[in-house]
Protein chains: 2
Amino acid sequence: MKVDSMIEKQDLLDCLDRIAPFIHRTPVMTSRTLNEMTGTDIVFKCENFQRMGAFKMRGAMNAVLCLSEEQRQRGVVTHSSGNFAQALALSAKTVGIKAWIVMPSDAPLVKKDAVRGYGGDIIECDPDVRSRETTAERVQKEHGATFLHPFNDYQVITGQGTAGLELLQDQPDLDVIMAPVGGGGLISGCALAAHYFGNGCRTIGGEPSVVDDAARSLASGRLETNTTAVTIADGLRTQLGDKTLPIMLSHVERIICVEEDEIVAAMRLIWERMKIVVEPSGAVPLAALMRERGAFIGKRVGMILSGGNVDLSRLPF
Amino acid sequence: MKVDSMIEKQDLLDCLDRIAPFIHRTPVMTSRTLNEMTGTDIVFKCENFQRMGAFKMRGAMNAVLCLSEEQRQRGVVTHSSGNFAQALALSAKTVGIKAWIVMPSDAPLVKKDAVRGYGGDIIECDPDVRSRETTAERVQKEHGATFLHPFNDYQVITGQGTAGLELLQDQPDLDVIMAPVGGGGLISGCALAAHYFGNGCRTIGGEPSVVDDAARSLASGRLETNTTAVTIADGLRTQLGDKTLPIMLSHVERIICVEEDEIVAAMRLIWERMKIVVEPSGAVPLAALMRERGAFIGKRVGMILSGGNVDLSRLPF
């Protein structure tokens, strides 16, 4: 398939070698209780233990390490108010280059503080897509900075795919890999990893019903849009891009949509039973599995717990 | 020292062999951020990932496995409304024997449900010490059940000590082991492990200031009592016993008392930075280290994260 030529098997292996010194090889965990509850053999890839608290570190680090020397000297810029903002700030700091992060003026203070804590330089913009993009373009022009998209970028997708690659290196006999779907960077990278390194391993996504553009895009074959971004899974509010959708059309079997209360219930189960902190987005695949548990009984499922960055003052329970 | 003859080096090794098939060998975790914040090299022994969610599983399992065949047939009884209640219920279920758990009638429903979930048979009593003890005695007489104390028992202390033994097997070069102090079962077991298996490894406890009987007992050399049990660290409300105090007098260097807000702050740090769920009692040693951080700078500290059983509906943040 033509889409595979953009990211080949060796690209994933090379990427993991490149970023390995700068990221954590996160552990896999299991839960007897959750296996009994679901009738499924689940292994959780704990990207909540990743540096900066989420898988986004992989893609950001890879993109930064792939810059030319000249690009490094001019720095990088992105627009994000989520984990990618922090990941790019920390990645840039790690290699000693400048990072400008365009964030809406109404972004939560805790997120701005986190970006500053990792050494990022915040440029505020109005809280709309147009202002976000023009502000990022201005920084590109003024400083010659390289723009890095949070997910619609082959280097970023390849980086995120190393989570799936590591998982399959540790657990080669998975029937299914499940991941949450926002912009599609994580799941398209992991789907390629399953395709190249799995043994008949399928890839299935989980997505909040209220922002189900990915499920509709897989059905229609073109980029669909959402009419709202109001989901507790704040990492999944974005829509697919023109680089992630084609990979997903080729390699993601399907997407299971879940309701908000199912996300909260799955998140609570993980906290209570596994004693680990995952953010709502990270609990979406478990919610998806539990919603359609009949389809997974007896299967061996690798599940990406995508991140653990939550505001403890604003928990849903 | 005479006290050591009650639990010898080989007893700890034999105990670990005995219980190993029935417990998790919990991982050790580190946090770059917490190390930078404290100037200390901390390794966390994650007993929050232990079966049933706390180290209490070790002592309960050991005590149950040390019963004679005749004792097994008659079952076991304890009085506890905390983690030991659940640990004994699950240990008894694991070897197929009966467990009666005496709990006050006003114990939280969530705790009663947990004990029942592990197959324990709850006997309610009035919410005072006298009723608790007479009820436990009645069960002993009626059923011939063996009474197992939550901490003032050499088999239980030895079991808890295996947390320290495993930690030193994984990290032999610790300067200090830190553990929370309630009845003293965990810290006295770990102090013996440090004594037998450490290389000059000292043992230091953390205790809530409002229930500082252990700190006062170490000072006076006799069992002191508390006038309140109102601390957020619900696992540490109990007082030392006549078996734990002598071990602690010989092998615990000192106890650092911490305020309630320091416990909450340390708990929050662990949740936010390490992305793991610990109960308030489990955060007390970190609170103690941070309170007197000057004493630990440059040291290598093994810290027992004692448990992760919290009611998510009643968090302090």
Task: Cut-off 13 Å between beta-carbons: net charge of the residues surrounding residue A:317, Lys and Arg +1, Asp and Glu -1 - done: -1
Open item on the list: At 222 nm, what value in deg cm²/dmol follows for chain A if DSSP H runs of at least 4 each add -39500 (n - 2.57) and the sum is divided by all its residues, to the nearest 500?
Closed with: -13000 deg cm²/dmol
Open item on the list: With the cut-off at 27 Å, tell me which of the pairs A:9/A:45; A:9/A:111; B:111/B:299; B:56/B:275; A:9/A:98; B:111/B:275 have Cα atoms farther apart than that.
Closed with: A:9/A:111; B:111/B:299; A:9/A:98
Open item on the list: Output the 0 to 90 degree angle, nearest 10, between the alpha-carbon long axis of helix A:9-19 and the longest principal axis computed from the alpha carbons of chain A.
Closed with: 60
Task: Whole-Hz ³J(HN,Hα) from phi, Karplus 6.51 cos²θ - 1.76 cosθ + 1.60, for segment B:40-53, glycine and proline x - done: 10, 9, 9, 10, 9, 8, 8, 6, 5, 8, 5, 3, 6, x
TODO: Please label the shape of segment A:57-147 as rounded, prolate or oblate, based on the square roots a ≥ b ≥ c of the eigenvalues of the alpha-carbon gyration tensor (a/c under 1.5 means rounded; beyond that, a/b larger than b/c means prolate, else oblate).
DONE: oblate
Open item on the list: Going by amide H atoms built from the backbone, whose H comes under 5 Å of the H on residue B:147, apart from near neighbours?
Closed with: B:77
TODO: Every other copy gets compared here: list the nm distances from the residue A:32 label point (7 Å along Cα to Cβ) to its counterparts, shortest first, one decimal.
DONE: 3.5
Task: Residue mean of other protein chain beta carbons inside 10 Å, B:265-276 - done: 4
TODO: Neighbouring Cβ atoms within 10 Å as the yardstick, rank A:55, A:296, B:151, B:84 fewest first.
DONE: A:296, B:151, B:84, A:55
Open item on the list: Taking the 0 to 90 degree range and rounding to the nearest ten, how far is the long axis of helix B:129-143 tilted relative to the main principal axis of chain B, both from C-alpha atoms?
Closed with: 50
- [ ] Apply the Karplus parameterisation 6.51 cos²θ - 1.76 cosθ + 1.60, with θ equal to phi minus 60°, to every residue of segment A:72-88 and state each ³J(HN,Hα) to the nearest whole Hz, in sequence, with x for glycine and proline.
- [x] 4, 5, 8, x, 10, 9, 8, 10, 6, 10, x, 5, 5, 4, 5, 5, 5
- [ ] Can you bin segment A:1-125 into rounded, prolate or oblate? Criterion: square roots of the alpha carbon gyration tensor eigenvalues sorted a ≥ b ≥ c, rounded for a/c under 1.5, prolate for a/b above b/c, oblate for the rest.
- [x] oblate
- [ ] For each of B:301, B:76, count neighbouring Cβ atoms within 10 Å of the residue's Cβ, then give the residues from fewest to most.
- [x] B:301, B:76
Open item on the list: Apply the Karplus curve 6.51 cos²θ - 1.76 cosθ + 1.60, θ = phi - 60°, to the phi angles in segment A:184-194 and return the couplings in whole Hz, x for Gly and Pro.
Closed with: x, x, 5, 6, 6, x, 5, 5, 5, 4, 5
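Since every read-out is calculated from the coordinates, none of them should be taken as a lab result. The structure presented is a predicted model; accordingly, all values stated were derived computationally and were not measured. Note that we place each Cβ from the backbone using ideal geometry, even for glycine, and neighbour counts take in every protein chain shown.
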